[in-house]
Structure formats: C-alpha cells, structure tokens
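Q: Encoded as structure tokens, here's the structure I'll be asking about.
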Amino acid sequence: MIPLAIGLVVDYCAPVAAAYMAECAGGLVTAAFLTGMARGYNLDIGSNTFGTIDPMAGVFEYAGMGLGVMFAIRPDRLVSRGIATGGKAIANFASRELTGTVVNVTKTALETKVTRSYTWFSSFCVNRSATNQVAQRTFQIAEGGVAKQGMQLCKQNPSNKISQVEGKLSEWLGKETKMVKNKAGDPVFLSKDTERRVRFDFSNPHGDRPHMHIEIKINSKWKDATSQHRIYPFEG
Amino acid sequence: MSYLKYLYKNDSLKLVIEEDLVGFYLIVYNDPQSEISSEDYLVDSLEEAFQEAKEKFGISSKQWKQKS
C-alpha cells in the first residue's frame, strides 16, 4: 500500500502542488523539488526546467528527480528481486549440475530448494576439492613417511599428480581394500590383510580441524605410519 | 541405538572413550576446558581403549566414569 500511495501522490498530487506553489512567492524551490520528484518518478530525467529560472530551484529539481527515481525504481525491490533471481539460478544450476536435468524451481518452494540444492552442491564441491587436497597431502606424507618403511613409490608426474596420488594410496593399501564408515559417516579404508588403514575425521573431527590418519598395525596395535598423528589436508 | 561413552578428567587432561560403528575412539584433550581435541585413537574394543589410556596416560580403567 505504501508504494502505491507514494505513486498516487507523486503522479497526481505533486504536479498540482508544484503548479500551485510556483505561483506563490518563495515557493519556487519547493515547486522545483516536487516537479523534479514527479518527473523522476516518471523517469523523465532530462534537463531541468527550473534551472533557467533560478539556479537554486534547478538544483532542487534535480534532487526531487533523484528521489522520484528512487520511488519509481524501488532499489529494495530490485535487490530482493536480484537475490531471488540469483537464488533461483543457483538452485537450477546446482540441480542441473548434479542431476543432469533442468529443474524449474517455483517461487513458493524457492527458499527450500535453494538451501537444499546449494548445500548439496557446495558439499559436493567441497568434498571433491577435499579429496584432491587429501590426495595431494597424503602423497607428500606418504612419500616422506611411508616410503621409509619400504614402500615402492615412483616419482610423481606433476601433470597427473592427483590420479597418481590416488593410485599410490590404493597401492599402499593394496587390492580389495575394505571401506567402512563410522557413525559420523567418515570413511575408514582398511587393507585386505588388515595391516594398514587410512581413516578420515572430516565430518566429526572431534572439535579439531578436519584431518586424517594413516596407520599401520605393529604387534597388533595401530600406530601412525607418518610422523604426524593427525594430517591436516586443508593446510596451505 | 545407544553408544557407550566414558570420561576421565583431571586438571590437565581430559579423555573420552566413544563407542562407534567401527570400534572405539579414545579422544584426548590436552586442555580439559577446551572442546578441541588433540589426539584420537581408533581401537577395536573397549578393553583396548582402556589399555591404550593406561599405557599412554597412566589412567586405570577404574578411574573412568561412564556417561551414557
């Protein structure tokens, strides 16, 4: 209702008021301002008319124009419309990326779908990125730590580092690796001979930053296979 | 499903044993007031967790309090 009322005032009342005030002594500046507001609201923002009569009135006319344009454009509405459109685009993009289908997100379900899709998509990206980073970091650790224990690690190929890292991890764990998830959903990879394992604490890092462990069994006890107890793949 | 949880706490150390689907986690807090743990060990049984705590920190199994 308020925007409508403003619109009515500016459309119908302001020109009349301006005309009336223009006839009154000292009302020139006010008339210029109101006229400017009416013109601004109608997006008629060319040269001013009161400036030729009085420079100060011309300034006020421009000021009125600015205010009128604001009423006409409603920046708050533009911003909210932009957010809604952006959210919708994100939701559709995320859905398309993940499902391969175009989903037309309705306005009524927009908020829910944006949240779900964006969270899902973000999580997907983070996990993908985390996997790469884990792999990179693990390779460095494995090369420096595990290699001392007799692992055969060939030189990395910088152009294909990630896949090689994944290969080295698999190689270290051996074939037919068993994967189980803890109650937080974090995976624990165990070698077939149950002598080596890689475990992740990403979802529940016990209050610390997300980390992982590379461990070997020595005398029936799990020991760190690396110099670090916790490996932080998200560091630098 | 309820999981076992044990707690040990003194002025300089807090230990938590949490039962999980994959075994038992022994979680070490070097600052007992902090929520940020310092170390965590995954072992196969509760007895192993107690033993690990005994070997690493000298805490006997009688000093633990069951939380849930």
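Q: Provide a single number: the residues in segment A:171-201 that are within 14 Å of another protein chain (Cβ to nearest Cβ), touching a helix residue (DSSP H, G or I) at 6+ places or on another chain (Cβ under 8 Å) and either closer than 25 Å to B:SER2 by Cα or of a type in the set (Gly, Ala, Ser) (or both).
A: The total comes to 2.
Q: All but one of (1) of a type outside the set (S, T, N, Q); (2) without any contact (Cβ under 8 Å) to a residue 12 or more places away in the chain; (3) surrounded by fewer than 13 Cβ atoms within 10 Å (Cβ to Cβ) hold for B:LYS54; state the number of the condition that does not hold.
A: For B:LYS54, the failing item is (3).
Q: Further, regarding this structure: In segment B:4-43, how many residues are at the interface with chain A (Cβ under 9 Å from one of its Cβ atoms), under 13 Å from the mean Cα position of the chain (by Cα) and part of a loop (DSSP other than H, G, I, E, B)?
A: So the answer is 2.
Q: Additional query: Condition first: closer than 20 Å to A:GLU195 by Cβ and not in a helix (DSSP H, G or I). Now tell me which residues in segment B:44-68 satisfy that.
A: Those that are closer than 20 Å to A:GLU195 by Cβ and not in a helix (DSSP H, G or I): B:ASP44, B:SER45.
Q: I'd like the full set of residues that are under 20 Å from A:ARG230 (Cβ atoms) and either of a type in the set (Asp, Glu) or more than 12 Å from chain A (Cβ to nearest Cβ) (or both), limited to segment B:50-68.
A: Scanning segment B:50-68 gives B:GLU52, B:ALA53, B:GLU55, B:PHE57.
Coordinate-derived values only; no laboratory data. This is a predicted model, so every value here is computed, not measured. Cβ coordinates were reconstructed from backbone atoms using ideal geometry, including for glycine residues, and neighbour counts include every protein chain displayed.
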